[in-house]
1. Of the residues that make up the range 123-140, is at least one in contact with a helix residue (DSSP H, G or I) (Cβ under 8 Å, 6 or more places away or on another chain), modelled with pLDDT under 95 and more than 18 Å from residue 171 (Cβ to Cβ)?
2. Give me the pairs: first residue in the range 249-269 and buried (at least 20 other Cβ atoms within 10 Å of the Cβ), second residue modelled with pLDDT under 90 and in a loop (DSSP other than H, G, I, E, B), beta-carbon distance under 9 Å, and six or more apart or on different chains, which are they?
3. Which residue out of 216, 265 is assigned to a strand (DSSP E or B) and more than 26 Å from residue 9 (Cα to Cα)?
4. Go through the range 214-237 and report how many residues are over 15 Å from residue 124 (Cα atoms) and surrounded by 16 or more Cβ atoms within 10 Å (Cβ to Cβ).
5. Show the residue pairs that are 6+ apart or on different chains and have beta-carbon atoms under 8 Å apart, the first residue being within the range 139-162 and under 30 Å from residue 248 (Cα atoms), the second being in a loop (DSSP other than H, G, I, E, B).
6. If you check 211, 174, 118, 147, which single one turns out to be surrounded by 20 or more Cβ atoms within 10 Å (Cβ to Cβ), touching a strand residue (DSSP E or B) at 6+ places or on another chain (Cβ under 6 Å) and under 18 Å from residue 233 (Cα atoms)?
7. Looking only at the range 268-296, count how many residues are in a loop (DSSP other than H, G, I, E, B), in contact with a helix residue (DSSP H, G or I) (Cβ under 6 Å, 6 or more places away or on another chain) and at pLDDT 95 or above.
């Protein structure tokens with residue numbers, strides 16, 4: 001049995017899910033994605049990754065500025081979907097929309113709900129030092145990622161894995177979980193599992209300022225911030241007043257307390273060591289303003305970094 005589906009999604013994370021639905025030959029009545037946005041110095045319009053795949057597959061695309069308008073709601077009603085699949089769409093659905101498909105609106109969320117509800121679950125689970133995460137499918141309701149759970153799959157987070165790498169793995173896992181969820185729907189084998197709101201945590205939107213390093217934190221916490229904010233907004237600090245980004249690092253001597261946190265303790269040919277509130281951070285890759293990203297060894301061939309300088313000032 002094939003489903004008649006309206007698919008709502010925008011970024012790269014949603015692409016494997018849509019690709020899987022196409023491969024399984026479900027009837028995709030339409031794709032709904034965010035409007036084309038201008039980007040870069042030339043202000044050229046950029047299509048969302050989901051729109052690109054839809055265009056390649058000959059699927060009609062709908063791009064409302066506001067999905068809650070009467071016109072948008074009527075269009076969705078006219079499409080008569082069995083189910084609406086939502087994967088990182090970027091707009092909140094009204095109850096009028098949630099009520100349209102007889103089999104409900106299903107969301108693919110990149111966390112093990114009820115943990116990390118919200119916009120940036122991949123980033124925050126790394127920043128907070130989680131060892132595992134996963135993907136959850138759920139029935140959507142009016143709340144923020146509060147609907148009944150259908151299916152969850154868990155994966156470990158690599159010790160040095162950053163948010164970009166974890167994003168790519170979770171996007172592929174999302175397609176697997178979605179496929180199994182739809183099979184369960186077709187076979188009428190779904191058991192709705194209410195979320196325990198007392199166990200809920202939240203993953204708010206990322207901001208540029210979130211990347212600012214507080215050197216009084218532990219080396220492990222700072223390393224997690226670096227991993228969790230890559231590739232955006234990226235962790236940063238100041239060296240003699242000049243802003244630079246830290247793209248990769250290691251945490252060392254994690255139990256060693258330091259009063260001179262933020263100070264550069266050692267400079268080797270391939271690494272820079274910074275004292276943290278507890279432990280030290282070994283910087284491996286960095287990028288100063290208006291310069292290319294470099295491994296520390298490459299950077300030090302043409303620049304000097306002075307021992308004893310306190311970062312962030």
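1. No, that holds for no residue.
2. 262/313
3. 265
4. 6
5. 154/112; 156/131; 157/130; 157/131; 162/230; 162/231
6. Within the list 211, 174, 118, 147, the selection yields 211.
7. Of the residues in that region, 1 qualify.
Rundown of residues vs (1) in a loop (DSSP other than H, G, I, E, B); (2) in contact (Cβ under 8 Å) with a residue 12 or more places away in the chain; (3) assigned by TED's automatic domain parsing to the domain that holds residue 101; (4) closer than 23 Å to residue 187 by Cα, yes/no style:
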{"site": "22", "(1), (2), (3), (4)": "no, yes, yes, yes"}
{"site": "29", "(1), (2), (3), (4)": "no, yes, yes, yes"}
{"site": "34", "(1), (2), (3), (4)": "yes, yes, yes, no"}
{"site": "38", "(1), (2), (3), (4)": "no, no, yes, no"}
{"site": "42", "(1), (2), (3), (4)": "yes, no, yes, no"}
{"site": "45", "(1), (2), (3), (4)": "no, no, yes, no"}
{"site": "52", "(1), (2), (3), (4)": "no, no, yes, no"}
{"site": "64", "(1), (2), (3), (4)": "yes, yes, yes, no"}
{"site": "68", "(1), (2), (3), (4)": "yes, yes, yes, no"}
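The values are calculated or read from the model by the stated rules, or taken from the named source; none is laboratory data. All values derive from a computational prediction rather than experimental measurement. Quick reminder, even Gly has a Cβ in these numbers, built from the backbone with ideal geometry, and neighbours come from all protein chains shown.
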